[in-house]
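Visitor: Quick one: structure below, then a few questions.
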Amino acid sequence: MKLSLFNLSLAKPVTDLFEQVFSDSEGAEEGKVIGDLVTNIISSTPEQDLIGFVASSNEQVVGCIFFSRMLLASDDVAFILSPVAIATNQQGQGLGQQLINHGIEQLRKLEVNLVITYGDPNFYSKVGFNPISEQQIEAPFKLSHPEGWLAQSLSAQTIPSIEGASQCIAALNKPEYW
């Protein structure tokens, strides 16, 4: 398995991966929604605000994650992990965890303080994320599943409490994603 930094030459296979994975698990309509989201993330996010990592096997993209800048009402440098896709036939083998851990290590090198995600606490706890409350760090929108609001400190400090609004990249800035 080869892990590498996402680059624009991979936009089509990455978008196809997300659409296929979410079609397999949630249906074709959701696959299209997520495929469109990934296209929007790639095309509209400033380069300094987006970091992606790709897993490939035999020259084929089998996994991808994106981290995008999240603005907090503090000096903390934060990124949100979203979305994540692992090829359906590769799931359950630890590839998602491997890809996320690789991405987090790269963010540490870039002196990012905090990584946030919104997803399954059972999965993300395996890669160091802990539940946080909306009072601790406010989500950009009201969360439909507050138990999925998670964070990980990449510094030696604990996850801070930050008063004030947060803001994500434009592509994620829609209430239906929350």
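Visitor: If Rh is defined by the Kirkwood formula over all Cα pairs and Rg also comes from Cα, what ratio Rg/Rh do you get for the range 136-178?
Guide: On the way: Rg = 11.6 Å, Rh = 11.8 Å.
Rounded to two decimals, Rg/Rh equals 0.98.
Visitor: Also, I was wondering about something else. So if I take the alpha carbon set of the range 26-87, get Rg, then get Rh from the Kirkwood formula, what is the Rg over Rh ratio?
Guide: Rg divided by Rh gives 1.04.
Visitor: Specify which residue in the list ASN89, GLY35, SER74 is farthest towards the positive end of the charge dipole of the chain, using unit charges on the beta carbon of Lys, Arg (+1) and Asp, Glu (-1), about the Cα centre.
Guide: So the residue furthest toward the plus end is ASN89.
Visitor: Excluding ligands, DNA and RNA, what is the solvent-accessible area per residue of the range 20-92 at a probe of 1.4 Å, expressed in Å²?
Guide: On a per-residue basis, 47 Å².
Visitor: For the range 51-178, what's the radius of gyration and Dmax over Cα atoms, in angstrom?
Guide: Gyration radius and largest Cα-Cα distance of the range 51-178: 14.4, 47 Å.
Visitor: Please give the helix 28-44 orientation as an angle from the longest Cα principal axis of the chain, in degrees from 0 to 90, rounded to the nearest 10.
Guide: 70
Visitor: Follow-up question, since we're still on this one. Keeping the other protein chains in place, figure out the carbon and sulfur percent of the accessible area of the range 108-155, with a 1.4 Å probe.
Guide: Carbon and sulfur: 49 percent of the exposed surface of the range 108-155.
Visitor: Another question about this same structure. Using +1 on the beta carbon of Lys and Arg, -1 on that of Asp and Glu, and nothing else charged, what's the dipole of the chain about the Cα centre, debye to 20?
Guide: Details: 9 positive and 20 negative charges, 79 e Å.
Charge dipole of the chain: 380 debye, to the nearest 20.
Visitor: A follow-up question, please. Taking the Cα atoms only, what angle lies between the long axis of helix 11-26 and the longest principal axis of the chain, rounded to 10 degrees?
Guide: 80
Visitor: Still on this structure: Which value in Å does the Kirkwood hydrodynamic radius of the range 1-115 take, with 1/r averaged over all unlike C-alpha pairs and then inverted?
Guide: 14.4
Visitor: Can you return the aspartates and glutamates within cross-link range of LYS32? Criterion is Cα-Cα under 14 Å, with same-chain partners fewer than 8 residues away left out.
Guide: ASP16, GLU19, ASP24
Visitor: Given a cut-off of 18 Å, what percent of all Cα-Cα pairs of the range 91-133 lie beyond it?
Guide: Above the 18 Å cut-off, the range 91-133 has 28 percent of its Cα pairs.
Visitor: What FRET efficiency, computed as 1/(1 + (r/R0)^6) with R0 = 25 Å and r the Cβ-Cβ distance, is obtained for ASN101 and GLU30, rounded to the nearest 0.05?
Guide: 0.40
Visitor: Check the straight Cα-Cα distances from LYS2 and name the lysines below 22 Å, setting aside those fewer than 8 residues away within the same chain.
Guide: Filter leaves LYS12, LYS109, LYS126.
Visitor: Let me ask something else about it. How long are the semi-axes of the ellipsoid equivalent to the range 49-121, from square roots of 5 times the Cα gyration tensor eigenvalues, in whole Å, largest first?
Guide: Rounded to whole Å, the semi-axes are 24, 12, 10.
The values are calculated or read from the model by the stated rules, or taken from the named source; none is laboratory data. Computed from a prediction, not measured in an experiment: that's the story for all the values here. Because the Cβ atoms are built from the backbone with ideal geometry, glycine has one as well, and the counts that use them run over all protein chains shown. Each accessible area value is taken on the protein alone, full model and side chains, heavy atoms only, with ligands, DNA and RNA left out. Shrake-Rupley method; radii C 1.70, N 1.55, O 1.52, S 1.80 Å.
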